[in-house]
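Student: Take this structure, written in structure tokens, and hold onto it; I'll ask about it next.
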Amino acid sequence: MMTFLSRATIVALALAASLFPARSQAQNPTGTSVAVIDLGEVFDKHERMTAQLEEVKQDIQAFEAYVRQERQKIEALAEQLRTYVVGKPEYVEKEKELAAAQADLQVQMRQKSREFLEREAKVRFNAYQEIIDLVTRFAQQYHIQLVIRFHRQPIDASKPESVQFGLNRPIVYQNSLDITDHIVQMLKPTHPPTNVSGRSGPSIPGRTQR
């Protein structure tokens, strides 16, 4: 009798244990664990980043105009220098003035070049951080475990570089896993706050239940 009860108990425990994984999996949220995103397109459609880069571009153009004016002044000094007799005090004085103007302009150009590069890099980095934060939030809300970068633009058969780029794509096939448009929409100033309850998820296939 004890042997029969022991065997029955073991069988019952084994059956219960086999049910636990199924129940645990059934309680998991539905959705896909993998998604893809075209980061290049997201960057291209990032309106705030585009506006900030345009400001940097305008400042660069303004400085270039300033440099042209300063070079005209330097050329005028060079013309004056040619009217003086070499070695005379006025020649030496004008030569020093010309050299100082040239050196000062070179310093300004180096400083501004570094400043503009740093500003542009900061704008792009901040935009990247914002996009990554949005992707993280989106993935957490829809229980996505992995987001892979891909390029969704079609291959242009008439352009060898486009064909070569397409051949090197790491993503060969994906079916409704693209979250690019969702992230672009979230970047817009008019994007409504995320509604966790009753939200409309991305058009991605559900995870198979077992």
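Student: Grab the Cα-Cα distance for Glu120 and Ile132, subtract it from 0.36 nm times how many residues apart they are, and report the gain in nm with one decimal. Write down the numbers at each step before the final one.
Tutor: Details: separation 12, 0.36 × 12 = 4.32 nm, distance 1.84 nm.
In short, 2.5 nm is gained.
Student: Along the charge dipole of the range 30-187, which of Ile179, Gln52, Leu117 sits closest to the positive end, that is, farthest toward it, with unit charges on the beta carbon of Lys, Arg, Asp and Glu (+1, +1, -1, -1)?
Tutor: Checking the options against the dipole of the range 30-187, the answer is Leu117.
Each reported figure results from applying straightforward, stated rules to the coordinates on display, with no laboratory input. These numbers come from a predicted model, not from an experiment. Note that each Cβ is placed from the backbone with ideal geometry, even for glycine, and that neighbours are counted across all protein chains shown.
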